[in-house]
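The values are calculated or read from the model by the stated rules, or taken from the named source; none is laboratory data. What you see is a predicted model; the values in this text were computed from it and never measured. Because the Cβ atoms are built from the backbone with ideal geometry, glycine has one as well, and the counts that use them run over all protein chains shown.
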Amino acid sequence: QQQVKQSPQSLIVQKGGISIINCAYENTAFDYFPWYQQFPGKGPALLIAIRPDVSEKKEGRFTISFNKSAKQFSLHIMDSQPGDSATYFCAARGQSSGSARQLTFGSGTQLTVLP
Amino acid sequence: DTGVTQSPTHLIKTRGQQVTLRCSPISGHKSVSWYQQVLGQGPQFIFQYYEKEERGRGNFPDRFSARQFPNYSSELNVNALLLGDSALYLCASSLDPGAGGEKLFFGSGTQLSVL
């Protein structure tokens, strides 16, 4: 129930195209859904995040769409650029043992944007 | 402001040895979390510390331990290393686990190789 399933595993998009990455979860107690971008040799960096009471959030070229009833959320990257080539992780925040809130990450999507 | 700093960046150990990884959070951040990222997978929660107290623990054996110091820096210790402990160990800091604490800022990690 703590799993977050992410697809696709890899994605190749032409420059200027739209990249779409999907995630699904089971635990209805998750209350915060961030997306992270990770470049080789670096730690994940927060890209954009959404709470379940909102269906969509847009920041620049990045949009999260959230479907609470389906327990699914997705990241859309508009006008994809070669500099967007990275690994993207969805995550969901839930309760760990003790009083901590922990992030459960998806398995990642390797995005390649061709010039 | 400097980001989250981790040391060392790379480490090679042999099976059965012990290792200590270090993390300094962003100035003003009082919460530190540790995550393990195995190659090709998303980060997995190990511990969260806030105000020097353990607030949460993930599904890791007792060979993993951590502590947080009065200056909010943290150490992760792993005893009796196994080949499967080879991974990127990420430290993340946040303001506090409560309001606003959901924004985690990750360091670049320590790459541990166990031979």
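Spot the failing condition for B:I46; the list is (1) in contact with a His (Cβ under 8 Å, 6 or more places away or on another chain); (2) under 25 Å from A:S107 (Cα atoms), and only one is missed.
Evaluating B:I46 over (1) in contact with a His (Cβ under 8 Å, 6 or more places away or on another chain); (2) under 25 Å from A:S107 (Cα atoms) leaves (1) as the failure.
Of the residues B:L21, B:L83, only one is closer than 23 Å to A:T87 by Cβ and more than 11 Å from chain A (Cβ to nearest Cβ); which?
Selected residue: B:L21, the only one of B:L21, B:L83 that is closer than 23 Å to A:T87 by Cβ and more than 11 Å from chain A (Cβ to nearest Cβ).
Of all residues in segment A:52-81, count the ones that are basic (K, R) and touching a Phe, Trp or Tyr at 6+ places or on another chain (Cβ under 6 Å).
1
Kindly list the number of the only condition in (1) part of a strand (DSSP E or B); (2) in contact with a Ser or Thr (Cβ under 6 Å, 6 or more places away or on another chain); (3) more than 14 Å from chain B (Cβ to nearest Cβ); (4) crowded, with 22+ Cβ neighbours inside 10 Å that fails for A:F73.
Every listed condition holds for A:F73 apart from (2).
For B:L104, state whether it is aliphatic (A, V, I, L, M), over 26 Å from A:S7 (Cβ atoms), surrounded by 20 or more Cβ atoms within 10 Å (Cβ to Cβ) and within 14 Å of chain A (Cβ to nearest Cβ).
Working: aliphatic (A, V, I, L, M): yes; over 26 Å from A:S7 (Cβ atoms): no; surrounded by 20 or more Cβ atoms within 10 Å (Cβ to Cβ): yes; within 14 Å of chain A (Cβ to nearest Cβ): yes.
No, not satisfied.
Among the candidates A:F89, A:F66, which residue alone is surrounded by 18 or more Cβ atoms within 10 Å (Cβ to Cβ), part of a strand (DSSP E or B) and more than 10 Å from chain B (Cβ to nearest Cβ)?
A:F66
For segment B:55-73, which positions are at the interface with chain A (Cβ under 8 Å from one of its Cβ atoms) and either free of Cβ contacts under 8 Å to residues at least 40 places away in the same chain or outside any strand (DSSP E or B) (or both)? Don't jump to the end; show me each part of the working.
Kept after step one, since they are at the interface with chain A (Cβ under 8 Å from one of its Cβ atoms), are these residues of segment B:55-73: B:55-58.
Those that are at the interface with chain A (Cβ under 8 Å from one of its Cβ atoms) and either free of Cβ contacts under 8 Å to residues at least 40 places away in the same chain or outside any strand (DSSP E or B) (or both): B:G56, B:R57, B:G58.
For A:R51, all conditions in the list (1) over 23 Å from B:W34 (Cβ atoms); (2) modelled with pLDDT of 95 or more; (3) at the interface with chain B (Cβ under 10 Å from one of its Cβ atoms) hold save one; what is the number of the exception?
So A:R51 meets the others, but not (2).
Of the residues B:L76, B:L90, B:L11, which is under 13 Å from the mean Cα position of the chain (by Cα), more than 11 Å from every other protein chain (Cβ to nearest Cβ) and not polar (S, T, N, Q)?
When all the criteria are applied, what remains is B:L76.
Does segment B:27-54 hold any residues that are buried (at least 20 other Cβ atoms within 10 Å of the Cβ), more than 11 Å from the chain's Cα centre (by Cα) and not in a loop (DSSP other than H, G, I, E, B), and which are they?
B:S31, B:Y50
Tally time: how many residues in segment B:14-43 are at pLDDT below 95 and of a type in the set (S, T, N, Q)?
4
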